[in-house]
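The values are calculated or read from the model by the stated rules, or taken from the named source; none is laboratory data. If you're wondering where the values come from, they're calculated on a predicted model, not measured in any experiment. Cβ coordinates were reconstructed from backbone atoms using ideal geometry, including for glycine residues, and neighbour counts include every protein chain displayed.
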Amino acid sequence: MTKHVAVLMGGLSAEREVSLASGKACADALEAEGYRVTRIDVGRDIAAVLERVRPDVVFNALHGSPGEDGTIQGILETMRLPYTHSGVLASALAMDKAKAKVVMAAAGVPVAHGIVVHRREAAERHVLPPPYVLKPVNEGSSVGVIIVREDRSHPPQELMRPDWPHSDWLLAEEYIAGRELTCAVMGDKALGVIDIQPATGGFYDYDAKYAKGGSIHILPAKIKPNIYHQIQELALTAHQALGCRGVSRADFRYDDRPDGTGRIVCLEVNTQPGMTETSLVPELAAHAGYSFGELMRWMVEDASCDR
């Protein structure tokens, strides 16, 4: 019997447009693989919609809250609908950058020094010595990230905008110079390492992530073999420490500048990594020998409850 897969996409977060693109790509690939697919743009009535649709498996292509923070996962567990990616606890934990760092550090994964601050405090004074980074404690895709450079005499005043669309709580972290590296984990195996270089030479922001030509992906990353292997080991350790399942992606900074520190720092683990045509995980899977369709099939067949 043909397996019926509901693909959840869109949703209510700041990453809605990316999720719609991910969801379409995943749904198209699953149909090409022979699955019966129902596409669902997720609203607050998602439980009622799923009760009506009654799929065999739910493919979660949501990004941000509530699809990535354990909320949707809790609904799916309650309904006993097998689903892809990480479960309730791992999703909620990885989405809270500050708490995830505590768990990763305890497992031996190096993380950047940082503190959680209210955005009002961060607007009134430099909460760390510049340069440093401010980011919403519970957003992805570089949404709301501000880099406070060394020559910035005043803290960022945009934090006081009355229409500030993100959390009032921010993670302030030391700025780590160097390469932007990323590594995906698929099941219990770390895939390759990509060196991400924004096409403009600047910060790997939302546009660099998702616009065509916004970034250059070097795969495999041209770094020393021992560093390459270390990144893979750290990505797998972080995945396991947070309790992730299915596919995840860990982002790192590596300071290999001639006068640099040589530090490797894990910035975060993404439990719902992007699946658009410019996304990193499909590229890493292809490098490991999986077509996009085969990756989708693996994720659907890996789906379960009690994740």
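Exactly one residue out of Glu180, Glu174, Glu158, Glu121 is farther than 30 Å from Gln230 by Cα, at pLDDT 90 or above and surrounded by fewer than 21 Cβ atoms within 10 Å (Cβ to Cβ): that is Glu121.
Looking at the range 30-47, I want the residues that are among the charged types (D, E, K, R) and have a partner that is not in a helix (DSSP H, G or I) with Cβ atoms under 6 Å, at least 6 apart or on another chain. Which pairs are those? Here the result reads Glu31/Val37; Arg36/Thr2; Arg36/His4; Arg39/Val7; Asp41/Gly10, each pair linking the range 30-47 to a residue that is not in a helix (DSSP H, G or I). Looking only at residues of the range 48-104 that are among the small types (Gly, Ala, Ser) and farther than 20 Å from Val300 by Cα, we find that the one that is farthest from the chain's Cα centre (by Cα) is Ala48. Taking (1) surrounded by fewer than 17 Cβ atoms within 10 Å (Cβ to Cβ); (2) out of contact with any strand residue (DSSP E or B) (no Cβ under 9 Å at 6 or more places or on another chain); (3) more than 26 Å from Val111 (Cα to Cα) in turn, Thr261 satisfies each apart from (3). Annotation for the range 294-305: at least one member residue is small (Gly, Ala, Ser) and not assigned by TED's automatic domain parsing to the domain that holds Gly187. The single residue among Thr71, Thr78, Thr84 that is within 17 Å of Leu50 (Cβ to Cβ) and in contact with a strand residue (DSSP E or B) (Cβ under 7 Å, 6 or more places away or on another chain) turns out to be Thr84.
From the list Arg80, Arg125, the one residue that fits, being basic (Lys, Arg) and not assigned by TED's automatic domain parsing to the domain that holds Val53, is Arg125.
Taking the range 245-284, which residues are hydroxyl-bearing (Ser, Thr, Tyr), in contact with a Phe, Trp or Tyr (Cβ under 9 Å, 6 or more places away or on another chain) and farther than 28 Å from Ala92 by Cβ?
From the range 245-284, those hydroxyl-bearing (Ser, Thr, Tyr) are 248, 254, 261, 271, 276, 278-279; that's our starting set.
After this cut, where a residue has to be in contact with a Phe, Trp or Tyr (Cβ under 9 Å, 6 or more places away or on another chain) as well, the list is 276, 278-279.
None; the set is empty.
Out of Gly34, Gly23, which single residue is of a type in the set (Gly, Ala, Ser) and more than 21 Å from Val281 (Cβ to Cβ)? Can you show your working first?
Details: Gly23 fails: more than 21 Å from Val281 (Cβ to Cβ).
Only one candidate passes the filter, namely Gly34.
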